[in-house]
């Protein structure tokens, strides 16, 4: 079966930084709903369109095709008193603008006695990445998956 709009695609992948370090690698295949449902990078989806099981892909993606350019506006310096006592570098917190339903995950990058610096950029923002994958399965999406816009597990709707 070919990868087309409204198919579920399963694949093993790895993302590699410009120095050749593997940033992420799957142990078991991941699945996404193909056809503009935002389940995978659009550049990868386009490259996989009309391919079949067993197809391998190695694609160099610029930052804007992956996790975006680094945005200094997403770095914030907050008062230390706004955080729990045990706050430490690497911890993550959900945050957003007052009155907005949009939330970002902020990562703590520095802690002093008076301030905490948090960064809302994805850890790979600003990086060119190599995305390598192998297609392991392709199947038609179910009516329920299409209605919800994402893949469901073997037992159906599992959010």
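The values are calculated or read from the model by the stated rules, or taken from the named source; none is laboratory data. Since the model is a prediction, treat every value here as computed from it, not as a measurement. A quick note on method: Cβ atoms are made from the backbone with ideal geometry, for glycine too, and the neighbour counts reach across all protein chains shown.
Report whether or not residue 45 is surrounded by 15 or more Cβ atoms within 10 Å (Cβ to Cβ), in contact with a strand residue (DSSP E or B) (Cβ under 9 Å, 6 or more places away or on another chain) and closer than 16 Å to residue 10 by Cα.
Yes, satisfied.
Mind listing just one residue for me: the one in segment 23-33 that is touching a residue at least 60 places away in the same chain (Cβ under 8 Å) and closer than 13 Å to residue 10 by Cα and, of those, surrounded by the most Cβ atoms within 10 Å (Cβ to Cβ)?
Among residues in segment 23-33 that are touching a residue at least 60 places away in the same chain (Cβ under 8 Å) and closer than 13 Å to residue 10 by Cα, the one surrounded by the most Cβ atoms within 10 Å (Cβ to Cβ) is 33.
Got a sec? Which of 131, 103 is modelled with pLDDT of 95 or more and under 16 Å from the mean Cα position of the chain (by Cα)?
Exactly one residue qualifies, and that residue is 131.
Residues that are in contact with a strand residue (DSSP E or B) (Cβ under 9 Å, 6 or more places away or on another chain) and crowded, with 16+ Cβ neighbours inside 10 Å, at least 2 per element: which strands (runs of 3 or more DSSP E) completely within segment 87-139 meet that?
104-111, 115-119
Looking at this structure, is residue 147 closer than 30 Å to residue 11 by Cα, not assigned by TED's automatic domain parsing to the domain that holds residue 14 and not in a loop (DSSP other than H, G, I, E, B)?
Judged against the criteria, residue 147 is a match.
Sort out for me the strands (runs of 3 or more DSSP E) sitting completely within segment 1-64 that have 2 or more residues that are over 15 Å from the mean Cα position of the chain (by Cα).
7-16, 56-61
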